[in-house]
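Let me begin by presenting the structure, written as structure tokens, before commenting on it.
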Amino acid sequence: MTDLGADLTEQNWLEVTTVGELYGRYRAGRVPAGAPARPPGTAALTASAIPAGAGDPPDEAVPPPRFAGRYLRLMPVLPSSTPFLYELAVTPDIGFRWRYRGSVPAYHQFEQELWQGVLTQFLIESVEAARPVGHAICYNPEFALGHAYIGAAVSADYTGSGLAVEALDLFVRYVFDIWPFRKLYFEVPEFNYPQFAAADRANSAGGSLELEGRLRRHDFYRGRYWDRLVLAVYRDGESSTA
């Protein structure tokens with residue numbers, strides 16, 4: 001939508017439920033001719049835009065990592081963030097997909113385990129509303145092998161809106177900028193896959209995720225066993241076949 005010249009607010013995205021409404025928002029939200037078509041920070045999830053080293057600015061001109069996009073931004077996880085993160089982890093709409101997979105740990109246990117195995121993590125915050133809406137983590141780093149794992153969750157009112165991709169993109173870029181990983185893994189139960197399907201290279205030429213593994217009948221939910229899928233995003237957009 002932004003590529004077509006529409007400057008839509010975060011609330012616009014969250015309110016849209018049909019194609020007709022989306023088209024109406026586009027008609028009402030087009031920016032004047034000559035203005036930038038895509039607001040900063042709204043690129044789709046991809047590592048291909050990360051500088052590869054050639055043409056880097058001099059050391060004194062190197063900018064800090066980007067933490068804010070058009071709609072969402074990454075914020076440090078502070079002690080005051082813990083109540084929201086705990087609620088996100090145990091709320092029925094999100095908890096069964098996230099870290100504890102439906103179990104409800106005691107609050108003090110959650111605090112103790114918040115940084116267990118985690119390399120870095122951020123609160124995902126709404127730029128417009130200045131409130132926390134999600135959580136992004138990088139965990140189980142293997143520096144000798146050049147890879148780590150990434151996960152993210154957003155509040156139920158943001159699920160399916162597409163806005164979370166912006167925060168995930170910022171987070172992936174941050175991790176690739178700070179550490180020399182070759183690739184980052186996403187592990188998702190198969191019932192979570194539709195949230196990432198549009199970013200899968202098998203489904204979209206511009207996708208950045210590759211399906212690299214499948215653990216058969218690995219996760220249980222609602223009376224059946226589901227496969228667990230291992231997806232990967234590569235530094236500089238390279239492929240597993242490269």
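Observations on the model:
- Stretchable slack from Leu145 to Arg217, in nm (0.36 nm times residue separation minus alpha-carbon distance): 23.2 nm
- Per residue solvent-accessible surface (Å²) - the stretch 79-162, probe of 1.4 Å: 47
- With contacts taken as Cα pairs under 8 Å and at least 6 residues apart, the stretch 58-156 reaches a relative contact order of 26 percent.
- Average Cα contact separation per residue, the stretch 82-233, under 8 Å, 6 or more apart, as relative contact order %: 15
- Protein heavy-atom surface of the stretch 91-201, 1.4 angstrom probe: 54% of the accessible area is carbon and sulfur, with nucleic acids and ligands not counted.
The values are calculated or read from the model by the stated rules, or taken from the named source; none is laboratory data. Just so it is clear, the structure is predicted and the values come from calculations on it, not from any experiment. When the accessible area is computed, the model is the full protein with side chains, heavy atoms only, and any ligands, DNA or RNA have been set aside. Shrake-Rupley method; radii C 1.70, N 1.55, O 1.52, S 1.80 Å.
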